[in-house]
Amino acid sequence: MPMFQHSKKDGVVGFDGGGDGHVLDLDTAVKDGVLGGGGGGVVGGGITEKLDLKRMIEELDLSEIPSVFICPISLEPMQDPVTLCTGQTYERSNILKWFSLGHLTCPTTMQELWDDSVTPNKTLYHLIYSWFSQKYLLMKKRSEDVQGRASELLETLKKVKGQARVQALKELHQVVAAHATARKTVEEGGVALISALLGPFTSHAVGSEVIGILVNLTLDSESKANLMQPAKISLTVDLLNEGSIETKINSTRLIEMLMEEKDFRSEIVSSHSLLVGLMRLVKDKRHPNGNLPGLTLLRTICLHKQVRNLFVSIGAIPQLVELLPALNPDCLESALFILDTLSSLPEGRLALRDCLNTIPNMVRLLMRVSESCTQYALSILWSICKLAPEECSSIAVEAGLAAKLLLVIQSGCNPVLKQRSAELLKLCSLNYTDTIFISKCKLTKTIQ
């Protein structure tokens, strides 16, 4: 349960337990607007079915609640408020626990108690119950309205075409994105209908809205298998390349959802157009919110060995290397993972070696972001230094690699990283005399 904020607009003053000992009755509270703000729910005696207060509190999950409804001990809404002789009110279980710890004081005022009995605050309980009931019933009504509207839109989509179809999809997209009940309605009876709208002759306007709806749903295996049809994948890739930034991100999310299936086939993502579109998304400086989704999907695709050579062939390695300095930590880890994975290929190692900034960027990242990033950068450096020891080792040492490796060895990181650092340090030292290599290590500065 969240930490609740006191609501000024719904604040109730003068309750028993509010500090001045004055008690407001229920009618006065309603008249003065204590229970206001619900916009037409059922209040107090209007409730025909007894609702469980605990359930209402949990399902509503409100962030703003009248301050007098909050227990000063737990900072959560009270379900069984009781009042002490000092006039302060608490949740029964919380104050009894306070007493069980040996405290004979009021937690709020720290006054010693001359009477340790607790009195149920029925007025406050009824106010709490009525306020939450009103909010809860209003929420339920809105939920039913949303479900009904979602069903209406699904029926409309069976009949309309053209711009009317686009408008219906736009509204359904908005409803599904905002309401869990609408998502449930579509999941139970509309996924097949929505998915059927994706095909070789689908307009981008329709496709964008369909994909926006689908990524908000929990899809079963049958639905995902249906979406793996070549024509549907082809349209999704087209939208990834040509849609708005929101559509591009949704397209990556949909493909990633499909890749979670056990029977997913790697040939589905063995697409030059798909990888190019993802690299464009990753490099888009105008819309940095697409960088992480793009890199996350590239990382997932990279796990499929059959696709790795395609990564190298589209020039992904030099593009990713150049991007490294500008990426945030989350993006950086995914980019380094991809480069490290591609370094397992002979073509990948050659591409890394031929990129002028590979070694400087990798050296710079050692011990800078996270242990995972250090691990990937170290692995990449090892791959290219082994490939061309004389050329690459010299460049790496001049870039400050030796000093960084000493830092890794001296740190408290993974023993495997320390061992790899020691091996790489030894490899780099082969081209130098001991005296010159020690000077290159900047040993004194490193220890300091």
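Annotation note: chymotrypsin sites (Phe, Trp or Tyr not before Pro) in the range 67-131 located in DSSP loop regions with a Cβ neighbour count of at most 16 within 10 Å are Trp114. With each label modelled as a point 7 angstrom along the Cα→C-beta vector, the Ser63-Asn414 pair spans 3.7 nm.
Rounded to the nearest 0.05, the FRET efficiency derived from the C-beta distance between Ser117 and Lys262 at R0 = 56 Å is 0.35.
Each 5 Å bin from 0 upward holds the following percent of the Cα-Cα pairs of the range 45-135: 2, 13, 25, 22, 16, 11, 7, 3, 1.
Given Lys159/Lys184; Lys161/Lys285; Lys97/Lys122; Lys184/Lys305, which pairs have Cα atoms separated by over 28 Å?
Details: Lys159/Lys184 22 Å; Lys161/Lys285 37 Å; Lys97/Lys122 21 Å; Lys184/Lys305 37 Å.
Where the Cα-Cα span goes over 28 Å, the pairs concerned are Lys161/Lys285; Lys184/Lys305.
Among residues other than Met228 whose Cβ falls under 10 Å from its Cβ, what is the net charge (Lys/Arg +1, Asp/Glu -1)? Before the final figure, lay out each step's value.
Numbers: positive: Lys224, Lys232, Arg265; negative: Glu261, Asp263.
Net charge around Met228: +1.
Using a probe of 1.4 angstrom and keeping all protein chains present, the accessible surface of the range 77-197 works out to 52 square angstrom per residue.
Sorting 321-331, 406-416 by their mean Cβ neighbour count within 10 Å, with the most densely packed peptide first, gives 321-331, 406-416. For the range 176-184, the Karplus equation 6.51 cos²θ - 1.76 cosθ + 1.60, evaluated at θ = phi - 60°, returns couplings of 5, 5, 9, 10, 5, 5, 5, 4, 5 Hz by residue, with Gly and Pro reported as x.
As a calculated quantity, the FRET efficiency between Trp98 and Ala180 at R0 = 35 Å, using C-beta atoms, amounts to about 0.40.
Cβ under 11 Å from Glu91's Cβ, Glu91 left aside: what net charge do those residues give with Lys, Arg +1 and Asp, Glu -1? Local net charge: 0. Computing FRET efficiency as 1/(1 + (r/R0)^6) for Glu222 and His287, where r is the C-beta to C-beta distance and R0 is 41 Å, gives about 0.75. Summing Lys and Arg as +1 and Asp and Glu as -1 over all other residues whose Cβ lies under 11 Å from the Cβ of Pro200 gives a net charge of 0.
The values are calculated or read from the model by the stated rules, or taken from the named source; none is laboratory data. Everything numeric in this text was worked out from a predicted model, so none of it was measured. Glycine also receives a Cβ, built like all others from the backbone with ideal geometry; neighbour counts cover every protein chain displayed. Just the protein is used for accessible areas: all its heavy atoms, side chains included, with ligands, DNA and RNA removed. Shrake-Rupley method; radii C 1.70, N 1.55, O 1.52, S 1.80 Å.
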